[in-house]
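Before anything else, here's the structure in question.
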Amino acid sequence: MPNEQGPDHSRRKERSRQAILAATRALVAEEPYEKVTVEAIAARAGVGKQTIYRRWPTKSAVVFAAFLALSEDADGQSIALPDTGDLEADLKLVMRATAEEFADPALDRLIRALNTEISNDAALAAEYREKLSQPLEEAKKARLRSAQEAGQLAADADLDLALEVLYAPLFQRWLHRSGPLTAAYADALVDATLRAFAPEQE
């Protein structure tokens, strides 16, 4: 009798997990969010819905897992911000990529779906902050702290505030669909932030 806990079983479980997450992202991109159901995800992934419920108790949990998987590298670790020593270039690279992600129609619908769930589910909001938001904020602050230590930002700069100045306008524009999310706009946010938190000239 085969060992159900062996490598083949683990590989099957991982293939099933990846299929479910991919199906979730595809359906959210294709359908109005309210029409996306666990049953539809299971059918698209080619699994039984109980396979999903054994791992995730609700649709919102599956949507969060599908989004979280996008922020992981091949080893399942969060990707750190680049640190080449050139703060302006590093931030523009990151902000352009962020603007591009928010402007992507498929990702836009997934992020909006996740925000809908977070706004109505305090437990999911706490999990989102613990597993994604807070680690990303710490990675961003670590990059700014490195620049601060190198004298590229004011020694007394409030790094939490600097991140808000950098990211909040982008999120606001995306949320209200009030303007294009272009590379030029991303660059402008970086320029404005670096001016606001620049070290004093002697």
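How much of ILE111 can a 1.4 Å solvent probe reach, expressed as accessible area in Å² and rounded to 10?
My reading of the accessible area for ILE111 is about 20 Å².
Related question: Amide H to amide H, which residues 5 or more places from LEU153 or on other chains are under 5 Å from it, using H placed in the peptide plane?
HN-HN under 5 Å from LEU153: GLN148.
Let me have the 222 nm mean residue ellipticity of the chain computed from DSSP H runs of 4+ only, each contributing -39500 (n - 2.57), with the sum over all residues rounded to the nearest 500.
Numbers: 10 runs with 138 residues, N = 202.
Only helices count here, giving -22000 deg cm²/dmol.
Where a ≥ b ≥ c are the square roots of the eigenvalues of the C-alpha gyration tensor, would you call the stretch 2-161 rounded, which needs a/c under 1.5, or, failing that, prolate if a/b is larger than b/c, or oblate?
Working: a/c = 2.42, a/b = 1.85, b/c = 1.31.
It is prolate, given that a/c is not under 1.5 and a/b is the larger ratio.
Could you compute how much accessible surface LYS131 exposes when probed at 1.4 Å, giving the result in Å² to the nearest 10?
Solvent-accessible area, nearest 10 Å²: 100 Å².
Treating the beta-carbon of each Lys and Arg as +1 and of each Asp and Glu as -1, no other charges, what is the dipole magnitude of the stretch 99-153 about its Cα centre, to the nearest 20 debye? Intermediate results must be reported in sequence, preceding the final value.
On the way: 8 positive and 11 negative charges, 43 e Å.
Dipole size: approximately 200 debye.
With all protein chains present, calculate the accessible area of LEU107 using a 1.4 Å probe and round the result to the nearest 10 Å².
Result for LEU107: roughly 40 Å² accessible.
Rounded, prolate or oblate for the stretch 88-202? Axes are the square roots of the Cα gyration tensor eigenvalues, ordered a ≥ b ≥ c, and the cut-off for rounded is a/c under 1.5. Mind showing how you got there, number by number?
Details: a/c = 2.48, a/b = 1.50, b/c = 1.65.
It comes out oblate by the Cα gyration axes.
Farthest toward the dipole's positive end in the chain, which of LEU68, THR58, PHE197, given Cβ charges of +1 (Lys, Arg) and -1 (Asp, Glu) about the Cα centre?
Of the candidates, THR58 comes out farthest on the positive side.
Quick one: net charge of ARG177's neighbours, Cβ under 12 Å, K/R +1, D/E -1? If you can, show how the numbers build up before the last one.
Numbers: positive: ARG112, ARG173; negative: ASP108.
Net charge around ARG177: +1.
While we're looking at this one, here's another question. Using the Cα centre as the reference, give the magnitude of the dipole from point charges on the C-beta atoms of the stretch 154-195 (Lys, Arg: +1; Asp, Glu: -1; all else neutral), rounded to the nearest 20 debye. List each step's numbers first, then the result.
Numbers: 3 positive and 6 negative charges, 66 e Å.
It works out to roughly 320 debye.
May I ask for the net charge around VAL94, where only other residues with Cβ less than 10 Å from the Cβ of VAL94 are counted and Lys, Arg are +1 while Asp, Glu are -1?
Details: positive: LYS92, ARG96, LYS140, ARG143; negative: ASP90.
Neighbour charge sum, excluding VAL94 itself: +3.
How much accessible area per residue does the chain have, in Å², with a 1.4 Å probe? Don't skip to the answer; put the middle values down first.
Working: 11820 Å² over 202 residues.
Value for the chain: 59 Å² per residue.
In the stretch 94-152, with Lys and Arg counted as +1 and Asp and Glu as -1 at Cβ, which of these residues, ALA139, ALA123, LEU107, has the Cα nearest the positive end of the dipole, that is, farthest along it?
The residue sitting farthest along the positive end of the dipole is ALA139.
Explain nothing, just the number: dipole magnitude of the chain about its Cα centre with +1 on each Lys and Arg Cβ and -1 on each Asp and Glu Cβ, in debye rounded to the nearest 20.
On the way: 25 positive and 33 negative charges, 262 e Å.
Charge dipole of the chain: 1260 debye, to the nearest 20.
What is the spin-label model distance, in nm, from ALA103 to LYS131 if the labels are put 7 Å beyond Cα along the C-beta direction?
3.0
For the chain, what % of the accessible area comes from carbon and sulfur atoms, probe 1.4 Å?
Here carbon and sulfur together make up 51 percent of the probe-accessible area.
The values are calculated or read from the model by the stated rules, or taken from the named source; none is laboratory data. These figures come from a predicted structure and were not determined experimentally. All Cβ positions, even for glycine, are placed from backbone atoms using ideal geometry, and neighbour counts span all protein chains on display. Protein only, heavy atoms only, side chains kept; ligands, DNA and RNA dropped before computing areas. Shrake-Rupley method; radii C 1.70, N 1.55, O 1.52, S 1.80 Å.
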